1. Evaluate E = 1/(1 + (r/R0)^6) for residue 148 and residue 8, where r is the Cβ-Cβ distance and R0 equals 51 Å; express this FRET efficiency to the nearest 0.05.
2. Residue 83 versus residue 198, label points 7 Å from Cα toward the beta carbon: distance in nm?
3. Just subtract the alpha-carbon distance of residue 24 and residue 128 from 0.36 nm times their residue separation and send over the number in nm, one decimal.
4. Starting from the amide H of residue 127, placed 1.01 Å from N in the peptide plane, find each other amide H under 5 Å away whose residue is 5 or more places distant or on another chain.
5. Using 0.36 nm times the number of residues separating residue 294 and residue 240, minus their current alpha carbon distance, what extension gain do you get?
6. Under the rule of at least 5 residues apart or a separate chain, name every residue whose amide H is placed under 5 Å from the amide H of residue 58.
7. For a quick check of your reading of the filter: which chymotrypsin sites (Phe, Trp or Tyr not before Pro) in the stretch 170-258 sit in a DSSP loop and have no more than 13 other Cβ atoms within 10 Å?
8. For residue 70 and residue 211 in one chain, what is 0.36 nm times their gap in residues minus the Cα-Cα distance, to one decimal in nm?
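Rule-based calculations on the coordinates, nothing more; no lab input. Predicted model only: the values in this text are computed from it and were never measured. Reconstructed Cβ throughout: ideal geometry from the backbone, glycine too, with neighbour counts over all protein chains shown.
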Amino acid sequence: MTRHWHILVTVFQRLFSTPVATLLTISVMGITLSLPTGLYLMLSSLDQAAGHLGADPQITLFLKVDADKDARKQIDSRLKGHSGIASYRFVGKEQALKELSASSGLSDLTAGLASNPLPDAYILLPSNSAPDALESLRDEAVQWPGIAAAELDSNWARRLDAILGLGKQLTLLVATLLGFGLAAGTGNTIRLQILTRQEEIEVSKLIGATDRFIELPFLYHGALQGLLGGLCAWAIIAASIHFLNAQVSTLASLYGSTFQLQQLGLIDSLILLGLSALLGWLGSKLAVGHFLRHFRVSQH
């Protein structure tokens, strides 16, 4: 434990002995890490906001013309006991005609109709807005006695689901590519550290130092550098979201919404810091491993 603590203190001293270079390296890592993390947060915020949109998906059940009160009672009973329905309301044909006249400005035309062509209907608000669940509920309801047709406008739900799915795939792709780039960049930094201490390392190997003894300081250096890069990314994201939310709130208020971008939670923050330290450690491991293999070959 004493040796590990001594190595950690030494690594801190080496990092801050070149403050400008260290600051630049950590800033580059922070900006690189903040890009996929910020995209992930934006998609998460949109995904949460989608559940609170005013335009919730609805299913409209049109009753048959000859549907009587008994048929309506049976339909009411089915709707009340259905786990997939959050709420519903009955819209009589007279009310539907009034709403149509008021919303479309066709009051003169509808007033001249000899009879009301609209059927009675139920408007359902499903408890699950997933496209597959909506279509399943529609297909089930249209089979009930007394129901002539069921309409569902799930295009918006499918579009939103597809956009969020595409965004998540892009986030994963960007995060993977930038992760490899970050590990490679850390490895290059460690390689420069190795070159400045090459003679010291070679002497240590000649007197019997193990690979573990040689690589441990560099692993600490990479992991610590990655951790500091993760902290920089966290700060960039927190500041950016705080700055953007003022404008986002103004825009959302114009649509009667309180939507805001979400900050990183505790679990997400720990994952970000853990992954950044892991990428730094991995880059160091690859760089030191390559050097030690080259050294063994040169000795033979």
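1. On the way: r = 75 Å, r/R0 = 1.47.
Working from the Cβ atoms, E equals 0.10.
2. About 6.9 nm, to one decimal.
3. Numbers: separation 104, 0.36 × 104 = 37.44 nm, distance 4.83 nm.
The residue 24-residue 128 span can extend by a further 32.6 nm.
4. Long-range HN contacts for residue 127: 85, 86.
5. Working: separation 54, 0.36 × 54 = 19.44 nm, distance 4.43 nm.
Taking 0.36 nm per residue and subtracting the Cα distance, the gain is 15.0 nm.
6. When sequence neighbours closer than 5 places are left aside, the close amide H contacts are 153.
7. Numbers: sites: 180, 213, 218, 220, 234, 243, 255; in loops: 255.
Hits after loop and neighbour filter: 255.
8. Once the chain is fully extended between residue 70 and residue 211, it gains 42.3 nm.
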